[in-house]
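Asks: I am attaching a structure below and will ask some questions about it afterwards.
Nothing in this text is a laboratory measurement; each read-out follows from the coordinates by a stated rule. Keep in mind that this is a model prediction, so the values were computed, not measured. Because the Cβ atoms are built from the backbone with ideal geometry, glycine has one as well, and the counts that use them run over all protein chains shown.
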Amino acid sequence: MGKLWAGLSSGNISKIADDFNSSIKFDKRLYKEDITGSIAHAHMLSKCGIITKTDADTLVNGLLNILQDLESGALKIDETAEDIHTFVEETLTSRVGAVGKKLHTARSRNDQVALDFRLYILKETKAIQSAIKALVNTIADKAEEYKDAVCAGYTHLQRAQPITFGHHLMAYAFMLIRDYDRLNDAIKRISVSPIGSCALAGTTYNTDRAAEAAELGLSRVCENSIDGVSDRDFVAEFISCCALLQTHLSRFAEEIILWTSWEFKFVSLSSEFTTGSSIMPQKRNSDMAELVRGKTGRVFGDLTGILTVLKGLPLAYNKDMQEDKELAFDAADTVKACLAVFAPMVATMTVHRENMKAAAQKGFINATDLADYLTKKGEPFRSAYKICGEIVGYCIDNGKTLETVSLETYKTFSDLFEEDLFSSIDIENCVNKRISAGGTSVASVEKQISVARAFLNNK
Ligand code: ARG
C-alpha cells in the first residue's frame, strides 16, 4: 500500500522498517473508536461549513458501511497497513472516491490516535467497573452467609483476635469499592477530547471542537493543543488504577491459596476452579488464584512500561507513544480476565466454619478480652496485660487453653477473676462485643454489607 504520508518523504520505506513501524497488529482493536471519531469529525466539518453536507453524508455512509463490513466479517483488516487510522481512511477513499480524502481536513493522526485511544480506554474503564461491581456483589453475598462464622483475625500472620469471616471478606469489598471510585475519578480526565489539536498547534480552519467532543459523549475539550497530542497520563492513570486493583485481587488470591491448604483448610474451592496434579492424586491446586497473583506482576510491568516510555519524551508527539497501546490493552485484558474468574471462584467456594472456629480457639486470640475483663474490674490495662501474658504462659506449659483453666487457678493470678470471666472470653461473645463502627460484631458487619449494597444500587 502507498503511504498516506508520501510527500517529501518518499513513502518508499524498506520492508523491514515498514513492519517495524506498523502498529496495525495491535491497534486494529481501535477500529470502532476510529470510525466513530471520524463520523463525528465529518459531521463537525460540515456543520462548520468546511466541507459540504453532501460530502459529509458520503463520508459518514462510507464509514458506517466499513464498520458494518468489519463487524460482519465481510471486510478484513489488512495487516500490511501502517495502522488502523490509515487502513480506515484508505478503505474509505477506495470505496467512496476522492471525497474520502477530505476526511482528514483539520485533524492529524496525532490528535486522531489520542482521541481513539481515549474512547477505547473509557470503554474499558466502564467494563472493569461493572466487573468490580459483580465481584463486590458476590463478596457481599458470601459475607452475609458467613457474618457469624467465627475465625481468627491475623496480624503478622499470627492469630490475633477473633473476628467473623464475613468481616474479613468485607474488607476486600471496600478495597474494591475504592478501586471503582478511583476509576470513576480517572474518567474525569480520560473523558477529554484532544481532537482539533491537529498535529500540535491547532488549525486555521474554523472548527467546533466542543460540538465534536459532545457528539462523542466526552465531557470537555483539552485546553492546550500541544498537551492534547502529547498527553498519555490518562493511560498511566488507567494502568495505575488497574495495578492497584490487581494488588487487592492478589492479596485476596494469596489468602485463598493459604486457606485452601491442608494446614488451614478453611475453604475449599469448587472443582470447577481448581486443577489436579499429573502425578500426585491428592492434589487440588488453586491455579486460578495463583494466576491472579502471578498476573498482577504483568500489570505492574505495564505501569512501569508506560511511565518509562513517557519520562524522557520532548513535546509533542513522538513515535515512542505508539508503545502505549499494548501496555494498556494488556492491563485491561488482564484485569478483566482476573475479575471474570474471581467472582465465580468466590461464589462457589465452600467455607468450613468448624475448622475456622477450631483454629480460632487454639491461638489464645481471646487474651485481649481477658485483659479487658480485668481492666473493667479495676486493674490498670498495662498490669492486666502482664497478668494475662503470664496466664497464657501457664496454659502453654500445661497444655491448656484460656477456656480450660479453672477459676481457682485464675484466682492465683488475680483475685479479681470471677465465674463471669468465662463468658467474657467466649469466642462468640468476644466477636459480638465488638460493636464499634466498622468492627467485627454481626451487627457491625451487617451495617457494612448494607453500605456495600447501597454502593451497588447507586452506581
Ligand atoms: N500509529 C500511530 C500511534 O499509535 C498513530 C499516530 C501516528 N502519527 C505520526 N505522526 N506518525 O502513535
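Asks: Could you list which residues have their amide H under 5 Å from that of L216, counting only those 5 or more apart in sequence or on another chain, with H placed in the peptide plane?
Replies: Under 5 Å from the amide H of L216: no residue qualifies.
Asks: Whole percent per 10 Å bin, from 0 to the bin with the longest distance: what is P(r) over all C-alpha pairs of the stretch 102-222?
Replies: Bins of 10 Å from zero give 12, 28, 19, 15, 12, 9, 4, 0 percent of pairs.
Asks: Using the 10 angstrom Cβ neighbour count as an exposure proxy, how do I256, I13 rank, fewest first? If you can, show how the numbers build up before the last one.
Replies: Working: I256 24, I13 17.
Fewest-to-most ranking of I256, I13: I13, I256.
Asks: What's the angle, to the nearest 10 degrees (0 to 90), between helix 84-96's Cα axis and the longest principal axis of the chain?
Replies: Relative to the chain, helix 84-96 is tipped by roughly 40 degrees.
Asks: Still on this structure, please answer the following. Applying the Karplus parametrisation 6.51 cos²θ - 1.76 cosθ + 1.60 with θ = phi - 60° to the phi angles of the stretch 431-438, what ³J(HN,Hα) value in whole Hz is obtained for each residue in order, glycine and proline being reported as x?
Replies: 5, 6, 7, 8, 8, 4, 4, x
Asks: Taking the 0 to 90 degree range and rounding to the nearest ten, how far is the long axis of helix 324-347 tilted relative to the main principal axis of the chain, both from C-alpha atoms?
Replies: Computed tilt is about 40 degrees.
Asks: From the phi of every residue in the stretch 392-402, what ³J(HN,Hα) in whole Hz does the Karplus formula 6.51 cos²θ - 1.76 cosθ + 1.60 yield, where θ is phi - 60° and glycine or proline is x?
Replies: Karplus-based 3J(HN,Hα) across the stretch 392-402 equals 4, x, 4, 4, 4, 5, 10, x, 10, 10, 4 Hz.
Asks: Quick one: E290, E79, E237, fewest Cβ neighbours within 10 Å first, how do they rank? Before the final figure, lay out the partial values.
Replies: Numbers: E290 15, E79 11, E237 20.
Fewest-to-most ranking of E290, E79, E237: E79, E290, E237.
Asks: Now a separate question. Using modelled amide H (1.01 Å from N, peptide plane; none on Pro or chain starts), what sits under 5 Å from the amide H of C198, excluding residues fewer than 5 places away?
Replies: Hits under the 5 Å cutoff: S108, D111.
Asks: Here's something else I'd like to know. Can you tell me the order of 125-131, 451-457 when each peptide is scored by its average per-residue count of other Cβ atoms within 10 angstrom, highest first?
Replies: Per-residue Cβ counts within 10 Å, averaged per peptide and sorted highest first, yield 125-131, 451-457.
Asks: From the C-alpha coordinates alone, can you work out the Kirkwood hydrodynamic radius of the stretch 23-95, in Å? Write out the running numbers ahead of the final one.
Replies: Working: mean 1/r = 0.0801 Å⁻¹.
Result for the stretch 23-95, one decimal place: 12.5 Å.
Asks: In terms of Cα to Cα distance under 18 Å, which lysines are near enough to K377, apart from those fewer than 8 places away along the same chain?
Replies: Correct list for K377: K386, K411, K433.
Asks: Per residue Cα convex hull volume for the chain, in cubic angstrom? Working shown, then result.
Replies: Working: hull volume 92.0 nm³, N = 459.
Measuring per residue, one finds 201 Å³ for the Cα hull of the chain.
Asks: To make sure I understand the rule: partners must be lysines, Cα under 20 Å from the Cα of K283, and not fewer than 8 residues away in the same chain. Which ones qualify?
Replies: K265
Asks: Under 12 Å from the Cα of K28, which aspartates and glutamates turn up, not counting those fewer than eight places away in the same chain?
Replies: D78, E79, E82, D83, D116, E326
Asks: Convex hull volume of the Cα atoms in the stretch 158-227, per residue, in Å³? It would help to have the intermediate numbers written out before the result.
Replies: Working: hull volume 8.6 nm³, N = 70.
Looking at the stretch 158-227, the number lands at 123 Å³ per residue.
Asks: Helix 287-311 sits at what angle to the longest principal axis of the chain, using alpha carbons and giving 0 to 90 degrees rounded to 10?
Replies: 50
Asks: Still on this structure: What ranking do H104, H41 get, fewest neighbouring Cβ atoms within 10 angstrom at the top? Could you put the intermediate results ahead of the total?
Replies: On the way: H104 16, H41 28.
Ordered by Cβ neighbours within 10 Å, fewest first: H104, H41.
Asks: If you don't mind, another one. Give me the distance between the Cα centres of the stretch 432-459 and the stretch 275-337, rounded to whole Å.
Replies: 34
Asks: Enumerate the calculated ³J(HN,Hα) couplings along the stretch 189-199 in order (Karplus 6.51 cos²θ - 1.76 cosθ + 1.60, θ = phi - 60°), each rounded to whole Hz, writing x wherever the residue is Gly or Pro.
Replies: Those phi angles translate into 9, 7, 7, 10, 8, x, 5, x, 5, 6, 4 Hz.
Asks: Still on this model: Please list, ordered by chain and number, the residues whose modelled amide H lies under 5 Å from the amide H of C222; skip anything fewer than 5 residues away on the same chain.
Replies: Residues meeting the criterion, in which the H sits 1.01 Å from N, are S193.
Asks: With respect to the cross-link table entries K147/K336; K147/K362; K32/K76; K3/K47; K15/K295, which display a Cα-Cα separation exceeding 24 Å?
Replies: Violating the 24 Å Cα-Cα cut-off are K147/K336; K3/K47; K15/K295.
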